[in-house]
Amino acid sequence: MRRKLIARFMVAVLGAAFVVAASPGPGVAVPPPYAGTSSSIDADWSISQGGAVEFEGRLSFYPGEVTSAQTLRVWRTDALGFHTLPDVITDAGGDFFLTDTPIHHGDNTYTFQYDGTTSQAPGYKRVTVVVDGTTSALSLSAPSSGKRAAKLTVSGTLTLSGKPLPAPWRLQVVRKDAAGSTTLPAITANSAGAFSFSDTPPVGGNNTYTVTFVGNNFVTGSTRSAVVSISHDPTTLRLTTKADPKSWAPQVTVTAYLGKTHTNRKVCLYAKSHGEGQRTLKCGNVNSSGNLKATDLISTRTVYTAKFTGDHRHAPATVTQVVKPPANVAVALISPSFKKSGKYRVFHRKGNPVTKSWVSPESKGTCMYYTVQAYKSGKWRTVSTSKCHKLSSASQGKYTWTGKRTVGVNYRVRAKFAGNTANKATNSDWAYFKFRN
């Protein structure tokens, strides 16, 4: 027997032991009891230049020898399934010959079966030939980024190892984005294996292009992917706030405006007051004018935020507005002893009026400035302005005026809160006073 190996195929024989048993083939009945004679099949193979597998074998009986032509059933099993081959007829001495050309790479298992007779036991032989398929490989070149709704081009090369590339080879293309997967038109590699295709991605974000060569019976398939980051269209998102600038605890109207988008019309409004965590004011779809409104009551600096999460075409967007309300500042003239005359407190000319102030929210350590004015020549004129007087731990301040005073002249005093991170600078109302002898 002879054995040859051609470079196109790599072959191996598995399960070479003889088997004497009931037939493993389909639709074969075990023959009636026989007179103790066994059968065995031997087979050796070789590969022809054209890629065909050639088998030489012998059917043997024990004891005794084959003395007439016998029939062997043959089939081949591969990745495509079960294939019945023509029966093989031995010569008078039991020798036989078979030629077959595999139709798929990988394991090709040949089964030779003798069904037996009333005097001869059945037997079979399996031989596995491994056919080495041609290996394929893909390379891809794609831009790292691109614009939505703008054309981009992906190119690549298909190569087959150890084999020329007869054109055409068709390739499958799939684009996967945030909206799902889309099968693009199939493309064809030229005789050098080169190919390219263009696409206009409709969805922003990562777009993954996957090119697949499915292969065939003797060429293995391969797949390659490339990711292109596609920019979203810019989103118009504006935020406005409206509040009473004089109220120390105003009601703020917060309005978000969302411009044109593809599918998502939802906006969320958030508020974060000084020293507190973020809270949700409102989430929902904007109205037909593109607006979403909410109201809020504040007493300290508050950052308002509008957020749009984006959609397949439009980018996420976030905008903020800061509202810093004034502090609540109150003053009162408390000493020395005085009497009231309408809105005026009347002090003795030799006494030094004391002004007390209160600020909320609590603003320990913030500067307070006090201004004293006198009404002269038909108008109020500033006669004194204090330096910084810091608020106490109880958010209170005190100021004693020791300036020159005149009986018969009307005076007034007010406190000014210098402002801090939580509240803007604020003046108190005026407190009025005058002197007597």
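The values are calculated or read from the model by the stated rules, or taken from the named source; none is laboratory data. What you are looking at is a predicted structure, and each value in this text was computed from that prediction instead of being measured. Note: ideal-geometry Cβ built from the backbone for every residue, glycine included; neighbour counts use all protein chains shown. Surface areas here come from the heavy atoms of the whole protein model, side chains and all, with no ligands, DNA or RNA. Shrake-Rupley method; radii C 1.70, N 1.55, O 1.52, S 1.80 Å.
Below are the figures for this structure:
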| quantity | calculated |
| --- | --- |
| Matching option when the condition is of a type in the set (S, T, N, Q), within 16 Å of V329 (Cα to Cα) and in contact (Cβ under 8 Å) with a residue 60 or more places away in the chain, among N437, N427, N410 | N427 |
| Among the candidates G275, G310, residue that is open to solvent by 70 Å² or more (accessible area, probe 1.4 Å), in contact (Cβ under 8 Å) with a residue 24 or more places away in the chain and in a loop (DSSP other than H, G, I, E, B) | G275 |
| Which listed residue is modelled with pLDDT under 95, open to solvent by 70 Å² or more (accessible area, probe 1.4 Å) and over 23 Å from S247 (Cβ atoms), from K339, K387 | K339 |
| Within the stretch 114-214, strands (runs of 3 or more DSSP E) holding 2 or more residues that are within 30 Å of V88 (Cα to Cα) and of a type in the set (D, E, K, R) | 123-131 |
| Conditions (1) in contact (Cβ under 8 Å) with a residue 24 or more places away in the chain; (2) surrounded by fewer than 18 Cβ atoms within 10 Å (Cβ to Cβ); (3) more than 30 Å from G106 (Cβ to Cβ): number failed by N285 | (1) |
| Options V359, V323, V319, V286; residue that is touching a strand residue (DSSP E or B) at 6+ places or on another chain (Cβ under 7 Å) and under 30 Å from G403 (Cα atoms) | V359 |
| Among the candidates W358, W380, residue that is within 25 Å of S341 (Cα to Cα) and either at pLDDT below 95 or within 60 Å of the chain's Cα centre (by Cα) (or both) | W358 |
| Test: S60 is surrounded by 16 or more Cβ atoms within 10 Å (Cβ to Cβ), small (G, A, S), modelled with pLDDT of 90 or more and over 30 Å from G215 (Cα atoms) | yes |
| Residues within the stretch 404-437 that are outside any loop (DSSP other than H, G, I, E, B) and either acidic (D, E) or touching a Ser or Thr at 6+ places or on another chain (Cβ under 8 Å) (or both), tallied | 8 |
| Filter result (part of a loop (DSSP other than H, G, I, E, B) and open to solvent by 40 Å² or more (accessible area, probe 1.4 Å)) within the stretch 48-57 | Q49, G50 |
| Number of the exception - T255 against (1) open to solvent by 20 Å² or more (accessible area, probe 1.4 Å); (2) touching a Phe, Trp or Tyr at 6+ places or on another chain (Cβ under 9 Å) | (2) |
| Some residue of the stretch 238-251 being assigned to a strand (DSSP E or B), open to solvent by 30 Å² or more (accessible area, probe 1.4 Å), farther than 17 Å from H314 by Cα and in contact (Cβ under 8 Å) with a residue 60 or more places away in the chain | yes |
| Residue within the stretch 207-222 that is touching a residue at least 60 places away in the same chain (Cβ under 8 Å), open to solvent by less than 50 Å² (accessible area, probe 1.4 Å) and on the phi > 0 side of the Ramachandran plot present | yes |
| Residue within the stretch 323-330 that is of a type outside the set (V, I, T), open to solvent by 50 Å² or more (accessible area, probe 1.4 Å) and within 38 Å of the chain's Cα centre (by Cα) present | yes |
